[in-house]
1. Could you list, in sequence order, all residues of the range 87-102 that are within 13 Å of VAL119 (Cα to Cα) and under 17 Å from the mean Cα position of the chain (by Cα)?
2. Please determine, by comparing only the residues of the range 45-59 that are of a type outside the set (A, V, I, L, M, F, W, C) and in contact with a Lys or Arg (Cβ under 9 Å, 6 or more places away or on another chain), which one is surrounded by the fewest Cβ atoms within 10 Å (Cβ to Cβ).
3. Name the single residue that is nearest to GLU83 (Cα to Cα) among those in the range 16-52 being of a type in the set (A, V, I, L, M) and touching a residue at least 12 places away in the same chain (Cβ under 8 Å).
4. Pairs only if they're at least six apart or on different chains, beta carbon under 7 angstrom, first in the range 64-80 and more than 14 Å from ARG44 (Cα to Cα), second hydroxyl-bearing (Ser, Thr, Tyr); list them, first residue then second.
5. Against the condition touching a helix residue (DSSP H, G or I) at 6+ places or on another chain (Cβ under 7 Å) and either within 30 Å of ASN12 (Cβ to Cβ) or modelled with pLDDT of 95 or more (or both), how does LEU93 come out, does it pass?
6. Would you check which residues across the range 27-82 are aromatic (Phe, Trp, Tyr) and within 28 Å of LEU93 (Cα to Cα) and list them?
7. Could you pull out every one of the helices (runs of 4 or more DSSP H) wholly within the range 1-86 that has 2 or more residues that are under 14 Å from the mean Cα position of the chain (by Cα), of a type outside the set (A, V, I, L, M) and within 21 Å of ASP136 (Cα to Cα)?
8. Test GLU153 against the stated conditions and say whether it is at pLDDT 95 or above, among the acidic types (Asp, Glu) and assigned to a helix (DSSP H, G or I).
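The values are calculated or read from the model by the stated rules, or taken from the named source; none is laboratory data. As the structure is a prediction and not an experimental result, all values here were calculated from the model. Every residue, glycine as well, gets a Cβ built from its backbone with ideal geometry; the counts of neighbours run over all protein chains shown.
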Amino acid sequence: MSDTSADCHATNRLLASGDIEVADTIREAGRPERTVYSLTDQGRDRLRQWVGVLLREPDPDSALFTAALNYAGCLTPTGVATELRARHTSLALAVETAGQSLGLALPRLLLLEIEYDLVRLSAEQTWVKQLLADLDAGRLTWPAIPGDIADVEALMRDEGAP
């Protein structure tokens, strides 16, 4: 972990809340001391809750959804599917609402933002639907032990990658 002020504050908050704990302190010759942290059971539960919320609830800031996708492996495939089904339902409602708004008797210039939202939401809805189909068909899987996903080299060897 870098020693930036934001990182220190975030680490201190996670320590104070009991979400992480010090796992080890490492001192290598010629290097500064390094503290290694690990998630507590409480932190693991909180992570799963937040990933679920971010997968489930559409938000105009796609960075949050991207972050949730990065951590989807901490949930079970069934858990991810459940959250994405809820997201798909919300997206369908948002697409319907945006489509109705385009029917307003206003100049197109005043509806460009809604047009853009409709296209963005429709594309995301299509992608989530395909992701759900992949989960349902078993085309998207991950290890039974979430920690195993961190061993990317072993996964690539198993898949036949160089």
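1. The one that is within 13 Å of VAL119 (Cα to Cα) and under 17 Å from the mean Cα position of the chain (by Cα): LEU91.
2. Just the residues of the range 45-59 that are of a type outside the set (A, V, I, L, M, F, W, C), to begin with: 45-46, 48-49, 52, 56-59.
Next, from what is left, pick out any that are in contact with a Lys or Arg (Cβ under 9 Å, 6 or more places away or on another chain): 56-58.
Details: ARG56: 17, GLU57: 14, PRO58: 21.
Applying the filter and picking the extreme gives GLU57.
3. In the first step, residues of the range 16-52 are kept if they are of a type in the set (A, V, I, L, M); the result is 16, 20, 22-23, 26, 29, 36, 39, 47, 51.
Retained after the next criterion (residues that are touching a residue at least 12 places away in the same chain (Cβ under 8 Å)): 20, 22-23, 36, 39, 47, 51.
Numbers: ILE20: 25, VAL22: 31, ALA23: 31, VAL36: 31, LEU39: 23, LEU47: 14, VAL51: 9 Å.
Residue satisfying both the conditions and the ranking: VAL51.
4. Qualifying pairs under 7 Å: PRO77/THR141.
5. Working: touching a helix residue (DSSP H, G or I) at 6+ places or on another chain (Cβ under 7 Å): no; either within 30 Å of ASN12 (Cβ to Cβ) or modelled with pLDDT of 95 or more (or both): yes.
No, not satisfied.
6. First, pick out the residues of the range 27-82 that are aromatic (Phe, Trp, Tyr): 37, 50, 65, 71.
TRP50, PHE65, TYR71, listed by residue number.
7. Working: elements: 5-17, 41-56, 62-70.
Helices (runs of 4 or more DSSP H) meeting the threshold: 41-56, 62-70.
8. On the way: at pLDDT 95 or above: no; among the acidic types (Asp, Glu): yes; assigned to a helix (DSSP H, G or I): yes.
Against the criterion (at pLDDT 95 or above, among the acidic types (Asp, Glu) and assigned to a helix (DSSP H, G or I)), GLU153 does not qualify.
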